[in-house]
Amino acid sequence: MSVSWYKGFFRNLAKQENGNFYFKDEDLSIGMGVRSPNVIFKVKFNYKNNLITVLNRTGTAYVGNISCELHDSLQPIAFEINNISHLQNLFLRKKSRLKITSKNKNIIHFLKHNRNIQELSKIAEKDNFSPIITCEFDKSWRIDAAYHLAFDNWTEPIEPIITLYKNLIDEFEKHIAYLNPKQYREMQ
């Protein structure tokens, strides 16, 4: 797909989320007269006073990053989601290609039953999509998804990740994640 198609995709995403779209296309000098493309697609928007930033870079670094700075009024819980390799999956025979870890059983339950995680797992099964998604505290709470763009449809995981973030924000707003697991499941 062409740069103009991707520009249209990110422009539409910004419009859909009532946010801002930024685009930068420049060549970087990597020495000895050699230049390399550096194309940046960036979308910023707010969801319930939580800033979400989508940043995809192509050229020398094919990386995607979707981050969310969480508002102080939320009660986030630390977790990590990463990819189970094709080889590991042959031996483990897991239903999902994504592995969820957290000390909190309720957030694990929430994430395992989230439709967007299932969609991301399907993308990981068919393509070389291997994200690392974390929610952690470092001066403030934030959720980060980082992944390489070395697969055909690298815009496909963007909307499920954004919807996952919105679902997590809604869940963190409830302040129920530290209930005992039985009470938590009854409230779901």
Is it the case that residue 95 is at pLDDT 90 or above and charged (D, E, K, R)? no
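Residue check: is residue 88 surrounded by fewer than 14 Cβ atoms within 10 Å (Cβ to Cβ), out of contact with any strand residue (DSSP E or B) (no Cβ under 8 Å at 6 or more places or on another chain) and either among the polar types (S, T, N, Q) or modelled with pLDDT of 70 or more (or both)?
Numbers: surrounded by fewer than 14 Cβ atoms within 10 Å (Cβ to Cβ): yes; out of contact with any strand residue (DSSP E or B) (no Cβ under 8 Å at 6 or more places or on another chain): yes; either among the polar types (S, T, N, Q) or modelled with pLDDT of 70 or more (or both): yes.
Judged against the criteria, residue 88 is a match.
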Look through the stretch 28-59, keep the residues that are basic (Lys, Arg) and either in a helix (DSSP H, G or I) or over 18 Å from residue 153 (Cβ atoms) (or both), and return whichever of them is modelled with the lowest pLDDT. 35
Against the condition modelled with pLDDT of 90 or more, crowded, with 17+ Cβ neighbours inside 10 Å and out of contact with any Pro (no Cβ under 6 Å at 6 or more places or on another chain), how does residue 115 come out, does it pass? no
Restricting attention to the stretch 60-81, does a residue exist that is modelled with pLDDT under 90 and part of a strand (DSSP E or B)? no
Listed by first then second residue, the pairs whose first member lies in the stretch 110-121 and is over 11 Å from residue 100 (Cβ atoms), whose partner is buried (at least 19 other Cβ atoms within 10 Å of the Cβ) and of a type in the set (A, V, I, L, M, F, W, C), with beta carbons under 6 Å and at least 6 positions apart or on separate chains, are 116/164
Hey, among the residues in the stretch 39-64 that are out of contact with any Lys or Arg (no Cβ under 6 Å at 6 or more places or on another chain) and of a type in the set (Phe, Trp, Tyr), which one's surrounded by the most Cβ atoms within 10 Å (Cβ to Cβ)? 41
Quick one: in the stretch 1-27, of everything that is closer than 28 Å to residue 142 by Cβ and among the hydrophobic types (A, V, I, L, M, F, W, C), which residue is modelled with the lowest pLDDT? 23
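Do you know which residues across the stretch 150-177 are hydrophobic (A, V, I, L, M, F, W, C), surrounded by 16 or more Cβ atoms within 10 Å (Cβ to Cβ) and within 21 Å of residue 57 (Cβ to Cβ)?
Once the filter is applied, which keeps residues that are hydrophobic (A, V, I, L, M, F, W, C), surrounded by 16 or more Cβ atoms within 10 Å (Cβ to Cβ) and within 21 Å of residue 57 (Cβ to Cβ), the stretch 150-177 yields 151, 154, 158, 161, 162.
The values are calculated or read from the model by the stated rules, or taken from the named source; none is laboratory data. Treat the numbers as computed from the prediction; the structure is a model and nothing was measured. Glycine gets a Cβ as well: all are built from the backbone with ideal geometry, and neighbour counts include every protein chain shown.
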